[in-house]
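Some notes on the structure that comes next.
What follows is calculated from the coordinates using simple rules that are stated; it is not laboratory data. Everything numeric here is computed off the predicted structure, so don't read it as measured data. No Cβ is skipped: glycine too gets one built from the backbone with ideal geometry, and neighbour counts run over all protein chains shown.
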Amino acid sequence: MKHRYRAALAALGLACLIGAGIATAAPASAATANGSLRGAASNRCLDVPGFTATNGTQLTLWDCTGGDNQVWTYTTTKQLLVYGGKCLDAILPNNAPGTTVAIWDCNGGANQQWNINSSGTVTNVQSGLCLDPSNNGTANGTPIQLWTCTGQANQRWTAPAGTPGTPCQATRAITYTLERVAAPTADQTDAYNRISSAMDKAVAVYNCYTTLSKTLRVQYNPGVATADGNYNGTIRFGSRASMVQATATHETAHTLGVGTYSGWASRVSGGRWTGTNAINELRAITGDGAAVLYADGSHFWPNGLNQPSEVGSPDDYVNHTRMVLALRRDMGI
């Protein structure tokens, strides 16, 4: 498959490749981050040429397209996965500058483990060497290797969203306005403060890990039993128990189409979500190749944050936004 066709394929999705029989192994561990690795010097992405899944295929730089051959998942065991089951691999037995960096079936070896550092470098756990475009290259097709770390821009990468220790690239594309009365009572003032805190945190996560855009209207309405949100961008909070980040994040998902967009119902069958994007995203998050995504007329689970008790760590908010993005892709929005 020619490189010049990549952008078109990315736009159409990879259903044709899945149907053609690309087999992937289940990830070895739970995912913590997902996205492209973009070179600081080249502004190009770490790329599997031709969408191949063949062991030993050397990575290259290529214009960023958003295709699955450029989407890397960083796991809790320091693997970088592509296609859900192929690992970024420093080809053995070499362990020296110039070692080829390729894809390979995941095997848990140290040559397949990587540190994503706050400096922007990506270093191989086994060798300590840096992920490096050969000969300081920046052009499409530049092969990727391991090399002695130099601190130069050609060895710095923008890491996948959610990678521990990396700065948030906030878009601020989702904004909200909390409607307030001119002379609030003590009850209203307390509610406004709680809602503002919850919404600030929820919007910050969406703006860090997505590029979605929405203008939200937020209200305090004691007549609402808990909280609700709709696709026109309105969120209403009623009870104090709902004025928390988890609920604000959940209701923001409703404003983005979860359970509220016209394409939702047709993708729910027998209590399960049928869209492949969200199912594959859940399996990448959990590391379970058989994970089932459940849904009803307005909610999904797991990772739906349908109750504040579902939050066990900050990763749960990130994983929720990943699921929202995938659900939207399934609905064509």
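Couple of notes before you dig in:
- Within straight-line reach of residue 214, meaning a Cα separation under 15 Å, sit the following aspartates and glutamates at least 8 residues removed in sequence or on another chain: 200, 251.
- For segment 174-331, the relative contact order is 21 percent, taking Cα pairs closer than 8 Å that sit 6 or more residues apart in sequence and dividing their mean separation by the residue count.
- With K and R counted +1 and D and E -1, the other residues having a Cβ less than 12 Å from that of residue 317 yield a net charge of -1.
- Antiparallel DSSP beta bridges within segment 174-331, as percent of all bridges there, nearest 5: 45
- The trypsin sites (Lys or Arg not before Pro) of segment 230-333 include none that meets both conditions, a loop assignment by DSSP and at most 15 other Cβ atoms within 10 Å of the site Cβ.
- Stokes-Einstein D for segment 174-331, Kirkwood Rh over Cα pairs, 37 °C, 0.692 mPa s (µm²/s): 206
- Under 12 Å of direct C-alpha separation, and excluding same-chain neighbours fewer than eight residues apart, residue 78 reaches these aspartates and glutamates: 89.
- Annotation for segment 175-256: chymotrypsin sites (Phe, Trp or Tyr not before Pro) lying in DSSP loop with at most 15 further Cβ atoms inside 10 Å of their Cβ do not exist.
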